[in-house]
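Here the structure is laid out as structure tokens; the discussion comes afterwards.
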Amino acid sequence: MSDFFRSVVGWQIQSGRHGLPWQGSHDPYRVWLSEIMLQQTQVSAVRAYYERFLDRFPTLEALAAAPEQVVMALWSGLGYYRRARHLHRCAQVLVAQRHGQFPRTSEELQQLPGIGPSTAAAIAAFCFGERISIMDGNVQRVLSRWLAFDRDLAQAPAAKTLWAHAQALIPKDASHPQMVAYTQGLMDLGATVCRRTKPHCVACPVQHPCQAFNQGRLADFPVKRRVLKRRTEAWWLLVLRRPDGRLWLEPRPSTGIWAGLHAFPVLPDADQAGMGPEGALAQAPIWHEPIAHDLTHRGLQLHLVEWSVAMQHERSGGCWIDPAGDIGLGLPAPLRRWIRQRSGHPPKASGLSGA
């Protein structure tokens, strides 16, 4: 068992990733921030967001004191926006109830908003040296292949059993530096070597004891049989533009898609979208080319229907924004891109994607 641990530690020191901006820190605030951002998001997308967040919120206290809309605006484009709301809430709880101090154990960390078992394990291992294994999707893939673990990880008992196997791989006398290297090594193996497709087995430090490799069954693991039905929805978005170019945005509901962000009002159907609002300056709207946008388990077909309205057009519950200025609100990525493109300012070349 300890051979696996030692092999991963040695490989990480020699061949793992060492240039990521959140590496080398034992500050739980920075580790926590990076772990939340990296959930279901590629490292290439997270780098710029991580650095911008730390520039704007260098401390836990600064994040806790910020208005939610400022936090959502900085998160805009990274996707999975519930993470940002939990991040903000967790910071407030830590400052209000724990004087800005993170718990030191994975068990206690899991009691905080938005911190699940794997994130808690990463913080505890990186920052406090706890003898605890992470178990995100990448690590599940590494271990299920190495063990040829053929139980369905979509079922909680199977996932719990695999985690028990993972814990058994950690020596009882593992030191803090070893836990840091091991935890990072598991992440690096899953991200760069034991990939979902085209795994680079020749570079794997545990290739020969790997049961899936020896059996020629790499594609069979991990086993996840739950099939989520994917559907596509058509959304009709009302774009109101005043003569001065300003656009109307409203806050989305607190639950559901784009919760907590600002967006164009959503209408029930095309018929209502084609009915001009009171004060419309034209007889017919501009029907823009639909935007296809993919979320995790569904696709959206966004139909933007634009009406010109008078300067004195009155609405409540939202705000008029200057599309050419600093909007300063959390917006869904496709709408932010659309607004910037039509304001004469193309989207910033950040290489980011989001929901």
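Filter region 16-38 for residues that are of a type outside the set (A, V, I, L, M) and over 19 Å from Gly185 (Cβ atoms); which is surrounded by the most Cβ atoms within 10 Å (Cβ to Cβ)? Explain how you work it out, then say what you get.
Initial filter on region 16-38 (of a type outside the set (A, V, I, L, M)): 16-19, 21-30, 32, 34-35.
Remaining after also requiring over 19 Å from Gly185 (Cβ atoms): 27-30, 32.
Values: Asp27: 15, Pro28: 21, Tyr29: 22, Arg30: 21, Trp32: 27.
Checked region 16-38; the qualifying residue surrounded by the most Cβ atoms within 10 Å (Cβ to Cβ) is Trp32.
Results for (1) aliphatic (A, V, I, L, M); (2) touching a helix residue (DSSP H, G or I) at 6+ places or on another chain (Cβ under 8 Å), shown as yes or no for each residue.
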{"site": "Leu261", "(1), (2)": "yes, yes"}
{"site": "Leu267", "(1), (2)": "yes, yes"}
{"site": "Asp271", "(1), (2)": "no, no"}
{"site": "Gly279", "(1), (2)": "no, no"}
{"site": "Pro285", "(1), (2)": "no, yes"}
{"site": "Ile291", "(1), (2)": "yes, yes"}
{"site": "Leu295", "(1), (2)": "yes, no"}
{"site": "Gly299", "(1), (2)": "no, no"}
{"site": "Leu302", "(1), (2)": "yes, yes"}
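Only residues that are assigned to a helix (DSSP H, G or I), polar (S, T, N, Q) and touching a residue at least 40 places away in the same chain (Cβ under 8 Å): list them for region 9-25, please.
Within region 9-25, the first condition is being assigned to a helix (DSSP H, G or I), and the residues that meet it are 9-15.
Among the residues that remain, those that are also polar (S, T, N, Q) are: 12, 14-15.
Of everything in region 9-25, those that are assigned to a helix (DSSP H, G or I), polar (S, T, N, Q) and touching a residue at least 40 places away in the same chain (Cβ under 8 Å) turn out to be Gln12, Ser15.
Which ranges mark the helices (runs of 4 or more DSSP H) fully within region 161-277 that have 3 or more residues being at pLDDT 95 or above and crowded, with 17+ Cβ neighbours inside 10 Å?
176-188
Yes/no per residue for (1) more than 15 Å from Leu247 (Cβ to Cβ); (2) modelled with pLDDT of 90 or more:
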site: Glu289; (1), (2): yes, yes
site: Val309; (1), (2): no, yes
site: Glu314; (1), (2): yes, no
site: Ile339; (1), (2): no, yes
site: Pro346; (1), (2): yes, no
site: Gly351; (1), (2): yes, no
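Pairs under 6 Å by beta carbon, first residue over 14 Å from Pro209 (Cβ atoms) in region 133-149, partner hydroxyl-bearing (Ser, Thr, Tyr) and in a helix (DSSP H, G or I), six or more apart or different chains?
Cβ pairs passing all conditions: Ile134/Ser118; Ile134/Thr183; Met135/Ser118; Asp136/Ser118.
Just to verify a result, which residue in region 26-76, among those that are assigned to a loop (DSSP other than H, G, I, E, B) and free of Cβ contacts under 8 Å to residues at least 60 places away in the same chain, is nearest to Leu335 (Cα to Cα)?
Residues of region 26-76 that are assigned to a loop (DSSP other than H, G, I, E, B), as a first pass: 26-27, 39-42, 57-59, 66-67, 76.
Checking which are free of Cβ contacts under 8 Å to residues at least 60 places away in the same chain leaves us with 41-42, 57-59, 66-67.
Values: Thr41: 20, Gln42: 21, Phe57: 25, Pro58: 29, Thr59: 30, Ala66: 24, Pro67: 22 Å.
The extreme case among them is Thr41.
The values are calculated or read from the model by the stated rules, or taken from the named source; none is laboratory data. Just so it is clear, the structure is predicted and the values come from calculations on it, not from any experiment. Don't worry about glycine lacking a Cβ; one is built from the backbone with ideal geometry, like all the others, and counts go over all protein chains shown.
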